[in-house]
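As structure tokens, the structure follows; a few thoughts come after it.
The values are calculated or read from the model by the stated rules, or taken from the named source; none is laboratory data. Note that the structure is predicted; figures quoted are calculated from it, not measured. Cβ sites come from the backbone with ideal geometry, for glycine too, and all protein chains shown count toward neighbours.
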Amino acid sequence: MMANRSADAESALYCVLGDPVAHSLSPVMHNRALAHHGLNAVYLAFRVTDIGAAIQGLRAMGIKGASITLPHKSRVMQYLDDIDPVAAEIGAVNTIINDNGRLIGKNSDVTGAVDALRAKTEPASKKILIVGAGGAARAIGYGVRNAGAQVTIANRTPETGVRLAADLEVDFLPLADLQQSRIDILINTTPVGMHPATAASPVPDDILSPEIVVMDIIYNPLETALLKAATRAGCRTIDGLAMFVNQGAQQFEWWTGRKAPLDNMRQAVIENLQEFK
Ligand code: NAP
């Protein structure tokens, strides 16, 4: 690892734009990666309500790249020069690359989720149950379907789940029917189990059996009630930082062309997660 260098007049700027961003872990993660490679660059968080004005600012100041988070992932698209086909198809941009003044929108949640899974299991031809049908489920569902998985969506509000399943051309299952389905991989994309209501789990414990790989995308806490139940049932588990760090690693590689230091990035996030405890 190279020494951390201080910012100067030549420094490149990267940032996250969202609202809220006060607790975003992206700055510590990306600054650790930039420092690892000794790059003269910094990454900051900006709380932004007017995303159109922020994108004008990005252009005016030559900011090299940005992460886009809630609530701007869809609305930002109209202000960019180019949207890559994956981001266009799922209708969400979480990364902007400033290519010599041309702003390109991409989505790293898709590869982030698939890479997180691949570290433990290959999704191709597996039966994957995704619980939830929001923005994260859309990106993950798109990614694992394209990786060759057989995907089923289960959701509290059936209409939303049916709509996402239709968009992705995959199956829908009512939450009440989970017991009847054979699953290889279960992915929770709902906020159920997130701090402070940490005792809650999105599915009954008795659907978990040892051959299932269970992934939760919540990372606060890192070991959710679902992951605890999965460990007790003998399942292999993947925590929420896996997707978060992998999507950040993909952004870093798009921006810098350097290999992302995954372990260091994860460590930076864990050190700062503990500060919230
Ligand atoms: P979203 O668009 O608001 O979708 C939330 C989904 O969860 C909806 O399907 C909703 O169902 C369901 N849900 C909410 N509360 C529920 C409850 N009490 N019981 C059952 N289902 C419930 O949110 P999102 O952007 O997809 O994000 C979802 C979660 O993933 C958040 O906790 C977020 O922090 C996390 N996340 C993590 C990463 C990562 O990198 N690790 C990335 C993105 C998001 P209805 O349709 O019935 O409302």
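Filtering region 218-257 to residues that are touching a helix residue (DSSP H, G or I) at 6+ places or on another chain (Cβ under 7 Å), under 14 Å from S108 (Cβ atoms) and among the β-branched types (V, I, T) leaves only V245.
When you go through A176, A230, A199, A165 one by one, which is the residue that is of a type outside the set (S, T, N, Q), buried (at least 16 other Cβ atoms within 10 Å of the Cβ), more than 20 Å from the chain's Cα centre (by Cα) and not assigned by TED's automatic domain parsing to the domain that holds L39?
Working: A176 fails: buried (at least 16 other Cβ atoms within 10 Å of the Cβ); A199 fails: buried (at least 16 other Cβ atoms within 10 Å of the Cβ); A165 fails: more than 20 Å from the chain's Cα centre (by Cα).
Exactly one of A176, A230, A199, A165 is of a type outside the set (S, T, N, Q), buried (at least 16 other Cβ atoms within 10 Å of the Cβ), more than 20 Å from the chain's Cα centre (by Cα) and not assigned by TED's automatic domain parsing to the domain that holds L39, namely A230.
Could you count how many residues in region 50-71 are in a helix (DSSP H, G or I) and either surrounded by 15 or more Cβ atoms within 10 Å (Cβ to Cβ) or out of contact with any Phe, Trp or Tyr (no Cβ under 6 Å at 6 or more places or on another chain) (or both)? Number satisfying all stated conditions: 10.
State whether the residues of region 41-49 include one that is over 15 Å from the mean Cα position of the chain (by Cα) and surrounded by fewer than 14 Cβ atoms within 10 Å (Cβ to Cβ). The answer is yes; a qualifying residue exists.
Would it be correct to say that G193 is within 16 Å of the chain's Cα centre (by Cα) and within 14 Å of the ligand (Cβ to nearest atom)?
Values: within 16 Å of the chain's Cα centre (by Cα): no; within 14 Å of the ligand (Cβ to nearest atom): yes.
No: the conditions fail for G193.
Residues that are more than 18 Å from G193 (Cα to Cα) and within 14 Å of the ligand (Cβ to nearest atom) occur at least once in region 232-245. When residues in region 132-158 are screened for being more than 8 Å from the ligand (Cβ to nearest atom) and either assigned to a helix (DSSP H, G or I) or outside the structural domain of S201 (by TED's automatic domain parsing) (or both), 8 of them pass.
Checking each residue of region 179-188 against the condition of being within 12 Å of the ligand (Cβ to nearest atom) and without any contact (Cβ under 8 Å) to a residue 40 or more places away in the chain gives no match.
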